[in-house]
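Please read the structure below before turning to the comments.
The values are calculated or read from the model by the stated rules, or taken from the named source; none is laboratory data. On a predicted model such as this, the values are computed, not experimentally measured, just so you know. Every residue, glycine as well, gets a Cβ built from its backbone with ideal geometry; the counts of neighbours run over all protein chains shown. Keep in mind that these areas ignore ligands, DNA and RNA; they rest on the heavy atoms of the full protein, side chains included. Shrake-Rupley method; radii C 1.70, N 1.55, O 1.52, S 1.80 Å.
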Amino acid sequence: MHQLWLIPALPLAGFLVNGIFGRKLSKPAVNAVAIGSVLLSFLWVVKTLLALGPLESAYTESYFTWIQSGIVNVGFDLAVDRLAAVMLLVVTGIGLLIHIYAIGYMSHEGGYYRFFAYLNLFMFFMLILVMAANFLLLFVGWEGVGLCSYLLIGFYFLKKSAGDAGKKAFVVNRIGDFGFSLAIFLTLVTFGSLDFGEVSAKAATMSPETTAGVVTGICLLLLVGATGKSAQVPLYVWLPDAMEGPTPVSALIHAATMVTAGVYMVARAAPLFNLAPIALDVVAFVGLITAVLAATIGLAQNDIKKVFAYSTVSQLGYMFLALGAGAYSAGIFHVMTHAFFKALLFLGAGSVIHALEGEQDLRRMGGLRSKIPVTFLVLMCAAVAIAGVPPFSGFKSKDEILLAVHAYSPWMFWVGVVTAGMTAFYVFRAIFLCFFGTYRGKAHPHESPLVMTLPLGVLALLSLGGGYINVPQYLAPVFGQPNVDHDMTLVAISVGAGLAGIFLAWLFYVVKPELPEALARTFSAPYKLIYNKYYVDEAYDALVVHPLRDGSRSVLWRGIDAGLIDGAVNGTGALARSIGAGLRTMQSGYIRRYAAWVVLGSIVVVAMVTFLGGAR
């Protein structure tokens, strides 16, 4: 055995040590435990993958029977195949860099040990999710990363906005998780197992006539869960608010852990989705709508972290578009490259915020490229990567997605190309507003320390060259997909869209910085609609939150709880008190009154006996 359990157990040990003893430990000791546990986990992943070799089939280790009752037989089983191998390297590798960066970013924050304990716990649950050999164990990791996101988004719990954001993420994800749990029940009833291998094997032997409806239902319910975790329409609203957490948390959630879980789950369930073409069409459509919607919102945001947050939502839409087109390998390839440049974008944004003593508004930045040159250089690397500039990593993975989408649906390809252009525009808009022009802020900018810039440098190299890691070819045996035909005309079109977006951003925010404001005044109605994020949050408040809250107060609280339940209980008590009050009048202490009651009682008894005797 290769002791797969050590991969998640090491971060769990870090969580326990820092969580229990961290208050008494020094910061260097907390760092050693938190980072050492993730480093050892990463090294054990590398060691395990080297020992397992080509991984032509999944390698599984069974530890104990977890649940056994009737047809339910679920083991605590961990497995590694090529899909899991890619995710393990991303989660532990990027997670390690984020942990190191956090040493510098969080150095002056309260709750230091608690923060790193939560980070380690996040890593543990994400690794359980990736390595689970069955749906139920995957669901444990799934719920665990939801818990950790709540804890970390609301880390600054003294801020109401942070607490509200954490609760919003938790509640919205519970909606998606309800769909996922129904999918697990339906899978068990249909296939008599939750093991990925058994479910896939049984699904392959069933005729489409007998499985089309139920498998489609399972896949659509799985998609409901994925829309929550991976922030797709209509459950994407929690992710931008997640920026209330510390910036390393934003990077961890957006790049290496939580939001990739939905993409991974759909890819893991590919044998089922392949039997449900309608469900795949829905996946593609949801991904396309999400990519476009989030990209348009990102055009008008002024908070640097919010810009990159909507970028994440849009890029996740790209991944779902790839999955819906059946290009699972391309989708996972983009998960990897996105982890590189999105972690760099968020950590780079954190370096800017650190340099400006907490400032996040792009309108109060400008001219920073000479003041924080290292941060400027690494963010430029991330920007050219996400914009799809060849030959960098984003170009490689977006190229795979758009070519697969063109074969699936040409009109979706063109929408994807326009979205790519918008992506390049709003990312470089943020770059130009932050680093070009004149400085508009009040703080005195300073470069971040080496402990922050070193992980940024590693991520910059990965953002530039990570696309040469041939993930689609590596994953082809897992999904049985042919190589995509690289039509150079289509490639040129997608690259041209990205370059056009960069050019427009340069024209608007460097050459003619007065132009955006003039256009906003001219097209005030659509600008306000985009700036206010299509009023989706307001619509949810009006249609869902307020009716539930007001209905709970008026119907459930005042009507049922206070009126019916409390009324019945209090009414019973009042009746008992009134009866007791009447009976108290009989216990007056006067002998004459007692004699009268005796006489009256005797008359009643004699009358009843006489009446009953006569009746007989």
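For region 440-547, please list each of the helices (runs of 4 or more DSSP H) lying entirely inside it that holds at least 1 residues being more than 21 Å from ILE386 (Cβ to Cβ) and aromatic (Phe, Trp, Tyr).
Output list reads 471-479, 524-531, 536-540.
Check ALA32 against each of (1) assigned to a strand (DSSP E or B); (2) open to solvent by less than 70 Å² (accessible area, probe 1.4 Å); (3) without any contact (Cβ under 8 Å) to a residue 12 or more places away in the chain and name the one condition it does not meet.
Unmet for ALA32, out of (1) assigned to a strand (DSSP E or B); (2) open to solvent by less than 70 Å² (accessible area, probe 1.4 Å); (3) without any contact (Cβ under 8 Å) to a residue 12 or more places away in the chain: (1).
From (1) aromatic (Phe, Trp, Tyr); (2) out of contact with any Gly (no Cβ under 8 Å at 6 or more places or on another chain); (3) over 17 Å from LEU129 (Cα atoms), pick out the condition that doesn't hold for PHE64.
(2)
For region 590-616, what are the residues that are modelled with pLDDT under 70 and outside any helix (DSSP H, G or I)?
Residues of region 590-616 modelled with pLDDT under 70: 614-616.
Of everything in region 590-616, just one residue is modelled with pLDDT under 70 and outside any helix (DSSP H, G or I), namely ARG616.
If you go through region 174-182 one residue at a time, do you hit one that is over 26 Å from SER250 (Cα atoms), in contact (Cβ under 8 Å) with a residue 12 or more places away in the chain and either part of a helix (DSSP H, G or I) or open to solvent by 20 Å² or more (accessible area, probe 1.4 Å) (or both)?
Within region 174-182, one or more residues are over 26 Å from SER250 (Cα atoms), in contact (Cβ under 8 Å) with a residue 12 or more places away in the chain and either part of a helix (DSSP H, G or I) or open to solvent by 20 Å² or more (accessible area, probe 1.4 Å) (or both).
How about region 426-472: which of its residues are polar (S, T, N, Q) and either in contact (Cβ under 8 Å) with a residue 24 or more places away in the chain or buried (at least 21 other Cβ atoms within 10 Å of the Cβ) (or both)?
Selection gives THR438, SER448, THR453, SER463.
Could you figure out which of (1) modelled with pLDDT under 95; (2) closer than 20 Å to VAL335 by Cβ isn't true of ASN73?
(2)
Restricting to region 347-376, name every residue that is surrounded by fewer than 16 Cβ atoms within 10 Å (Cβ to Cβ) and within 24 Å of PHE392 (Cβ to Cβ).
PRO373
Among the listed residues ILE332, ILE386, identify the single one that is open to solvent by less than 30 Å² (accessible area, probe 1.4 Å), under 27 Å from LEU475 (Cβ atoms) and in contact with a Phe, Trp or Tyr (Cβ under 6 Å, 6 or more places away or on another chain).
Just a single option satisfies the conditions, and that option is ILE386.
Output the number of residues of region 206-215 satisfying the condition of being open to solvent by 80 Å² or more (accessible area, probe 1.4 Å) and over 14 Å from ASN274 (Cβ atoms).
Count: 2.
Scan (1) open to solvent by 60 Å² or more (accessible area, probe 1.4 Å); (2) polar (S, T, N, Q); (3) not in a helix (DSSP H, G or I) for the single condition ASN570 breaks and write down its number.
Only one criterion is unmet by ASN570, namely (3).
Given the conditions (1) touching a residue at least 12 places away in the same chain (Cβ under 8 Å); (2) open to solvent by 90 Å² or more (accessible area, probe 1.4 Å); (3) over 30 Å from ILE386 (Cα atoms), and given that ARG592 satisfies all but one, which numbered condition is not satisfied?
Answer for ARG592: the failing condition is (1).
This table checks each residue for (1) farther than 13 Å from MET265 by Cβ; (2) touching a Gly at 6+ places or on another chain (Cβ under 7 Å).
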position: ILE175; (1), (2): yes, yes
position: PHE180; (1), (2): no, yes
position: ILE184; (1), (2): no, no
position: THR187; (1), (2): no, no
position: ASP195; (1), (2): yes, no
position: ALA203; (1), (2): yes, no
position: MET206; (1), (2): yes, no
position: LEU221; (1), (2): no, yes
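Listed here are the residues, each with its yes/no results for (1) under 16 Å from LEU88 (Cα atoms); (2) not acidic (Asp, Glu).
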{"site": "HIS2", "(1), (2)": "yes, yes"}
{"site": "LEU16", "(1), (2)": "no, yes"}
{"site": "PRO28", "(1), (2)": "no, yes"}
{"site": "LEU43", "(1), (2)": "yes, yes"}
{"site": "GLU56", "(1), (2)": "no, no"}
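Name the pairs whose Cβ atoms lie under 7 Å apart, with the first residue in region 374-389 and touching a residue at least 24 places away in the same chain (Cβ under 8 Å), the second in a loop (DSSP other than H, G, I, E, B) and open to solvent by less than 30 Å² (accessible area, probe 1.4 Å), and 6 or more positions between them or separate chains?
Close Cβ pairs (under 7 Å, with a partner that is in a loop (DSSP other than H, G, I, E, B) and open to solvent by less than 30 Å² (accessible area, probe 1.4 Å)) amount to THR375/SER448.
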